[in-house]
Each structure stands twice: as C-alpha cells, then as structure tokens.
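Trainee: Here it is, the structure, as structure tokens.
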Amino acid sequence: MKFVAEVLKLSKSAAIRLEERRVLRQALIKHPFFPDLLDAYKLDKKFGEYEEGTLIVKTKDGYDLVRGYPKIRRALTLYPTLIKHFKEGDVVVEEKMNGYNVRIVHFGNNVYAITRRGYICPYTTEKARKLVPFDFFKDNPDLMLCCEAVGEESPFVSKSVYGIKNLDFFVFGVRQRRTNKALPVKIKERLVDEYSLKMSPILDVVDVRMAHEKIIEIVKELGSEGREGVVIKDGEMLKNPIKYTASQSNCSDLSFAFRFFNEYGRNFMFSRIIREGFQSFEFCEDEDELTERCRRLGEAILKPMIDSIKEVSEGKKVVERNRLRFDSLEVFELFKKHVKKMGFEAAFSNPVEEDGSFVVYFDRIMRSTTDKISTHLGGDLW
Ligand code: ATP
Ligand code: MG
C-alpha cells in the first residue's frame, strides 16, 4: 500500500481511505506466471487525473503505473456532431472492432495483458506472450499497446465475424503508459508495421465536413456484415475520438442485455434504444427500412429474454457459455481464480486436449437473472 501512495503522490492514510472507499483494490494473484510482479492495485473508479482501470504495480525493479484506457464518447447523430467536435481538416475513420479492451505492456522480462477494469488476465496474457514480440517493449519500454482482443475463443466477447478461431489482438492505439498520451495515427501505423502486429482497419480519411455522409455508408455496410461500427479520430490524436455504431450491433448488445436482464444496468439498455431513434432519424428511413428496424429491435429485446425464461422454467440456470483454449493447465487453474476475483460465478468443463492445447467450456452463471425469473415463475409479484 505504501508504494501505491508513493506512485499516486498521496499520503499513506489517504491511500488507505481510497481502499476503504473501494476506489482502490488489490489486483494481483501471486503466481509464477506473473514472475515480475510483487504486488498490484487498481483503480475501480476514476480518481483525479487517473482513469478507472489504472494499474499500480510493485515489480522487482521498483514501482510502476499503467493508466486506464479513457472513455470514448458517442455521437448520437453524425451531423453536426463531428464538425462541432473536430472543427476542420481530415478525420481518420477506423473500424471499431467488437471484442474486449486490452492494454499490452511489459513488466521486467515479460509481456502482460491488462483488461479494461485493470485486472491482469492470465488467459489474455498467455495469448499476448505468443502473439506480441517482446522486442516492441525492449525498444519502447514506456509504451502500451491498446488493443481489441477478438475472436471465437474469447472469455468475455466471443465473435466469429472476424474469422479468428482463437483470439488475436488488433492495435487501435499506442500510448505512453504513465501519462496516457496517445501517439499520432501515422506513428501507430509505423509501429504496427515494424513489429508485424495487426491493427483495427483504417477505413477512410476524409474531410470532416463530408465525414457524416461517408460514415453513414460505411456503418450501413459494416452493420450488414455483423461488424460493430467506427471510431472517428483526429490523426494527431490531440482531440478525443468519437464512436458510432451500427444498428445491428446496438441490437446485438440489447440481445445480451435482455437475455441477462438482471445483470445488466438499465442505462445500458436505455441508451442503446435511444441510439436507434436518433439513427433512424438521421438516416431518413423510408417506411420499409423503419419497419425493418422496429422488427430488429423488438426481436433483439424479446427473443433472448424469452429463451432465458424458458431455460429457468426447465430447471436450468441462465449462463453465458464460451469456448476457451489454454496452452497450459496451470494457466487454466490461474484463470479460474482470476474469474472468481473478478466476481464472476462460473463453471468449467473438464479440459480436453486437442492438438497440444486444452479446450475448456467456460459458463458464466447469471445468478441474478436466474433467481429473478425463478421467483416470478414461482408466483412472486414484480
Ligand atoms: P468506453 O468507456 O470507451 O465508451 P465501453 O466499454 O462502453 O467503453 P465501447 O462502447 O465498446 O466501450 O467503445 C469503446 C471501445 O471500443 C474501446 O475501449 C476499445 O476497446 C474499442 N475499440 C475497438 N476498435 C477501436 C478503435 N479502432 N479505436 C478505438 N477503440 C476501439
Ligand atoms: Mg466494446
């Protein structure tokens, strides 16, 4: 705790108070898989200039800090929002890939993968150590690679649209890990190229005055392919990026949210429904397109929820099931502890060896939704 106070420039008692207020939380499971780390704490809420998900570590070499990935605000209508925000000049339109946010860094002699809330994830770290060359960090020790982890074998967001069977990392940002300063898009491209990494596709570079027209086309196309949307950036990365998503992606989020309706916050659902209203308005939809949107939205909300009710009525639990693949059974054991630390209730299948790795089914048990449905099916009033 003393090192946290020192890194955040606080008194020790102020750091202890942060922990009592649950802003600060111990974040390390000690394990030989994390040989460089002696201790770690993370911020569960934004604190001063430090973002939620900021990680503070004690390594064999001293203390260190990895800043949380900042929030990206959303446009509800592209026009005039983009012009109001970016003012003039070109904007870079990147694909917003749909996986989970990972900051890849090094401590000591190893690569580590930190998820959004500031946990060091053993599963993600095992993959990152195979896919990201350590040389990147040898040459750029102060940088972090901000990536979307996507693929089918994902513990948190499994998607098949990207054609990735296992899990892979797509860099969308390169930042100074202590200050969170983002490097310009051009430099990111150069580094990605130099170290043979993968990058979230850059779909267009366009004058901001024309951007809304181009992006409407792009987003319609992405949506029809089951892809999520775009993030619009200033090439120098001096202004904050803005995100915008396809209707199909909003609806796919809503399917999850209503299938597990008691685990998700109401604001998560509400904001996604509001987006649909603004998008329909801006896209100037005709009667048929509007009817199609209404059908899509209604199905997304109702069908998965009804599935959950059916499952509970048959005596089953509501679960989210994902397929995972570990190279090492030790990392699997560590991942089980990790998931518990994250506060998930989970069940795992027995690992089955397949081509030298171990396939496991990971069921996240949605206890709150299961119990809620169960009490109502048993006759309780809302
Ligand atoms: P946020 O607080 O950033 O809004 P969120 O979890 O609600 O967080 P999303 O709605 O998924 O996030 O949108 C932001 C996230 O999109 C980023 O945190 C990042 O993980 C992901 N992302 C995917 N592709 C890109 C990209 N090209 N540029 C920036 N972020 C991207
Ligand atoms: Mg996301």
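Trainee: Take the residues of the stretch 48-74 that are of a type in the set (Asp, Glu) and not in a strand (DSSP E or B): which is farthest from ligand 2 (Cβ to nearest atom)? Give the derivation first.
Mentor: Just the residues of the stretch 48-74 that are of a type in the set (Asp, Glu), to begin with: 49, 51-52, 61, 64.
Imposing the further condition that a residue be not in a strand (DSSP E or B) reduces the set to 49, 51-52, 61.
Values: Glu49: 24, Glu51: 16, Glu52: 15, Asp61: 33 Å.
Here the answer is Asp61.
Trainee: Here's something else I'd like to know. For Val92, indicate whether it is touching a residue at least 60 places away in the same chain (Cβ under 8 Å), surrounded by 15 or more Cβ atoms within 10 Å (Cβ to Cβ) and within 16 Å of ligand 2 (Cβ to nearest atom).
Mentor: Details: touching a residue at least 60 places away in the same chain (Cβ under 8 Å): yes; surrounded by 15 or more Cβ atoms within 10 Å (Cβ to Cβ): yes; within 16 Å of ligand 2 (Cβ to nearest atom): no.
Considered against the rule, which asks whether it is touching a residue at least 60 places away in the same chain (Cβ under 8 Å), surrounded by 15 or more Cβ atoms within 10 Å (Cβ to Cβ) and within 16 Å of ligand 2 (Cβ to nearest atom), Val92 comes out as no.
Trainee: Would a scan of the stretch 133-145 turn up a residue that is away from ligand 2 (no atom under 15 Å from the Cβ), over 22 Å from Arg67 (Cα atoms) and touching a residue at least 60 places away in the same chain (Cβ under 8 Å)?
Mentor: In the first step, residues of the stretch 133-145 are kept if they are away from ligand 2 (no atom under 15 Å from the Cβ); the result is 133-145.
Narrowing further to those that are over 22 Å from Arg67 (Cα atoms): none.
No: zero hits.
Trainee: Might you check whether a residue that is touching a His at 6+ places or on another chain (Cβ under 7 Å), assigned to a helix (DSSP H, G or I) and buried (at least 17 other Cβ atoms within 10 Å of the Cβ) occurs anywhere in the stretch 324-334?
Mentor: First pass over the stretch 324-334, keeping only residues touching a His at 6+ places or on another chain (Cβ under 7 Å): 334.
Okay, now just the ones that are also assigned to a helix (DSSP H, G or I), so 334.
In the following step, the residues that additionally are buried (at least 17 other Cβ atoms within 10 Å of the Cβ) were identified as 334.
Yes - at least one qualifying residue is present in the stretch 324-334.
Trainee: Name the pairs whose Cβ atoms lie under 7 Å apart, with the first residue in the stretch 148-164 and among the hydroxyl-bearing types (Ser, Thr, Tyr), the second away from ligand 1 (no atom under 11 Å from the Cβ), and 6 or more positions between them or separate chains?
Mentor: Ser154/Leu167; Ser154/Asn322; Ser158/Glu152; Ser158/Asn322; Ser160/Glu152; Tyr162/Gly151
Trainee: Looking at the stretch 245-258, I want the residues that are modelled with pLDDT of 95 or more and have a partner that is crowded, with 23+ Cβ neighbours inside 10 Å and of a type in the set (A, V, I, L, M) with Cβ atoms under 6 Å, at least 6 apart or on another chain. Which pairs are those?
Mentor: Close Cβ pairs satisfying both conditions: Ala246/Val219; Cys251/Ala300; Leu254/Ala300; Ser255/Ala300.
Trainee: With respect to Gly226, determine if the residue is within 30 Å of Val352 (Cβ to Cβ), under 19 Å from the mean Cα position of the chain (by Cα) and assigned to a loop (DSSP other than H, G, I, E, B).
Mentor: Values: within 30 Å of Val352 (Cβ to Cβ): yes; under 19 Å from the mean Cα position of the chain (by Cα): yes; assigned to a loop (DSSP other than H, G, I, E, B): yes.
It is true that Gly226 is within 30 Å of Val352 (Cβ to Cβ), under 19 Å from the mean Cα position of the chain (by Cα) and assigned to a loop (DSSP other than H, G, I, E, B).
Trainee: Might you let me know whether the stretch 100-115 holds any residue that is more than 10 Å from ligand 1 (Cβ to nearest atom), at pLDDT 95 or above, in contact with a Leu (Cβ under 8 Å, 6 or more places away or on another chain) and under 26 Å from Ile16 (Cα atoms)?
Mentor: Yes.
Trainee: Going by the conditions given, is Glu148 within 15 Å of ligand 1 (Cβ to nearest atom) and not in a helix (DSSP H, G or I)?
Mentor: Values: within 15 Å of ligand 1 (Cβ to nearest atom): yes; not in a helix (DSSP H, G or I): yes.
For Glu148, the condition - within 15 Å of ligand 1 (Cβ to nearest atom) and not in a helix (DSSP H, G or I) - is met.
Trainee: Right, another one. Out of (1) crowded, with 16+ Cβ neighbours inside 10 Å; (2) modelled with pLDDT of 95 or more, the odd one out for Arg74 is which?
Mentor: Among (1) crowded, with 16+ Cβ neighbours inside 10 Å; (2) modelled with pLDDT of 95 or more, Arg74 violates only (1).
Trainee: Only one residue in Ala346, Ala300 is in contact with a Cys (Cβ under 7 Å, 6 or more places away or on another chain), among the hydrophobic types (A, V, I, L, M, F, W, C) and at negative phi. Which one? Give the steps one after another, and end with the answer.
Mentor: Details: Ala346 fails: in contact with a Cys (Cβ under 7 Å, 6 or more places away or on another chain).
On inspection, the qualifying residue turns out to be Ala300.
Trainee: Let me ask something else about it. In the stretch 340-382, what residues are touching a strand residue (DSSP E or B) at 6+ places or on another chain (Cβ under 6 Å), without any contact (Cβ under 8 Å) to a residue 24 or more places away in the chain and either part of a loop (DSSP other than H, G, I, E, B) or among the β-branched types (Val, Ile, Thr) (or both)?
Mentor: Phe344, Glu345, Ser349, Val352
Trainee: Can you tell me which residues in the stretch 1-33 are crowded, with 18+ Cβ neighbours inside 10 Å, touching a residue at least 24 places away in the same chain (Cβ under 8 Å) and in a helix (DSSP H, G or I)?
Mentor: Hits for the stretch 1-33 are Phe3, Val4, Val7, Leu8, Leu18.
Trainee: Is one or more of the residues making up the stretch 200-209 surrounded by fewer than 20 Cβ atoms within 10 Å (Cβ to Cβ) and part of a helix (DSSP H, G or I)?
Mentor: Going residue by residue through the stretch 200-209, those that are surrounded by fewer than 20 Cβ atoms within 10 Å (Cβ to Cβ) are 201-209.
This time we only want the ones that are part of a helix (DSSP H, G or I), so: 208-209.
Within the stretch 200-209, one or more residues are surrounded by fewer than 20 Cβ atoms within 10 Å (Cβ to Cβ) and part of a helix (DSSP H, G or I).
Trainee: Could you say which residue among Ile114, Ile104 is within 16 Å of ligand 2 (Cβ to nearest atom), under 26 Å from Lys233 (Cβ atoms), assigned by TED's automatic domain parsing to the domain that holds Asn180 and touching a helix residue (DSSP H, G or I) at 6+ places or on another chain (Cβ under 9 Å)? Step through it out loud before you land on a result.
Mentor: On the way: Ile104 fails: within 16 Å of ligand 2 (Cβ to nearest atom).
Step by step, each of Ile114, Ile104 is checked, and only Ile114 is within 16 Å of ligand 2 (Cβ to nearest atom), under 26 Å from Lys233 (Cβ atoms), assigned by TED's automatic domain parsing to the domain that holds Asn180 and touching a helix residue (DSSP H, G or I) at 6+ places or on another chain (Cβ under 9 Å).
The values are calculated or read from the model by the stated rules, or taken from the named source; none is laboratory data. Just so it is clear, the model here is predicted, and its values are computed rather than measured. Heads up, the Cβs are rebuilt from the backbone with ideal geometry, glycines too, and the neighbour counts pull from every protein chain shown.
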